[in-house]
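The structure appears below as structure tokens.
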Amino acid sequence: MGFLDKLFGKPIKEEESMTTEKLNIGIILGSTRQGRVSPQVGEWVKGIADKRGDANYEIVDIAEFNLPFLGTTDGTEPGIANWNGKLASLDGFVFIVQEYNHSITGALKNAIDFAREAWYNKAAGIVSYGSTGGARAAEHLRGILAEQKVADVRTHPTLSLFTDFVNGSEFKPQDLHLDNVNAMLGEVIAWSGALKTLR
């Protein structure tokens, strides 16, 4: 069907399937160090997300891809292709970000740099943690994502090492974060659906 059919709202099979098919959202763990707490935070976000039923959510752990440092190898490691394939299969992202020296981890920056087109025209939310809620790391990440054509949403849950963790290692989030996480996920879904039309 042509332009006039779209203009006057006649049903189009392709568009119908696009609106009924659930989006795929990756919850990306941004740390690879021993003793990291990002898996706890990621599972918490996924638990909240799964109750919504509005998308397919999955944990994506960059540690599992064994990415080398960018530019230090010939680029034939299987983890690089697997990483790009995983990103390509996703419509949007939620980054679990911890603050290291006022920024994101080197591992996360390295992983982001190992892909280009797989990021383009997708949306992302950020859940950060640190002594100041990881806010400075999140702001750095926003600039990096913009260069990769990823639209980051405004709502940003921030978790404090002092009030949301026990001894800096056991994650015990305050209930007040639930509304922020749900608001952020709603924005990620809306933007991811809209941006999918550009791909």
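The values are calculated or read from the model by the stated rules, or taken from the named source; none is laboratory data. Given the structure is predicted, the values throughout are model-derived calculations rather than measurements. Cβ atoms come from the backbone with ideal geometry, glycine included; neighbour counts cover every protein chain shown. Quick note on the areas: whole protein, heavy atoms, side chains included, nothing else; ligands and nucleic acids left out. Shrake-Rupley method; radii C 1.70, N 1.55, O 1.52, S 1.80 Å.
Brief remarks on what is shown
- Those residues of region 90-125 which are of a type in the set (A, V, I, L, M, F, W, C), assigned to a strand (DSSP E or B) and under 15 Å from ILE59 (Cα atoms), in sequence order: PHE93, VAL94, PHE95, ILE96, VAL97, ALA124
- Restricting region 134-161 to residues that are of a type in the set (A, V, I, L, M, F, W, C) and assigned to a strand (DSSP E or B), the residue that is most open to solvent (accessible area, probe 1.4 Å) is ALA151.
- Hits in region 131-144 - residues which are in contact with a Phe, Trp or Tyr (Cβ under 9 Å, 6 or more places away or on another chain) and either over 11 Å from ILE104 (Cα atoms) or among the β-branched types (Val, Ile, Thr) (or both): SER131
- Test for ALA81: is it more than 20 Å from HIS177 (Cβ to Cβ), open to solvent by 10 Å² or more (accessible area, probe 1.4 Å) and of a type in the set (Gly, Ala, Ser): yes
- Selection count where residues are modelled with pLDDT of 95 or more and assigned to a loop (DSSP other than H, G, I, E, B), scope region 8-29: 1
- Scanning region 30-56 for residues that are touching a helix residue (DSSP H, G or I) at 6+ places or on another chain (Cβ under 7 Å), crowded, with 21+ Cβ neighbours inside 10 Å and outside any loop (DSSP other than H, G, I, E, B) yields VAL45, ALA49.
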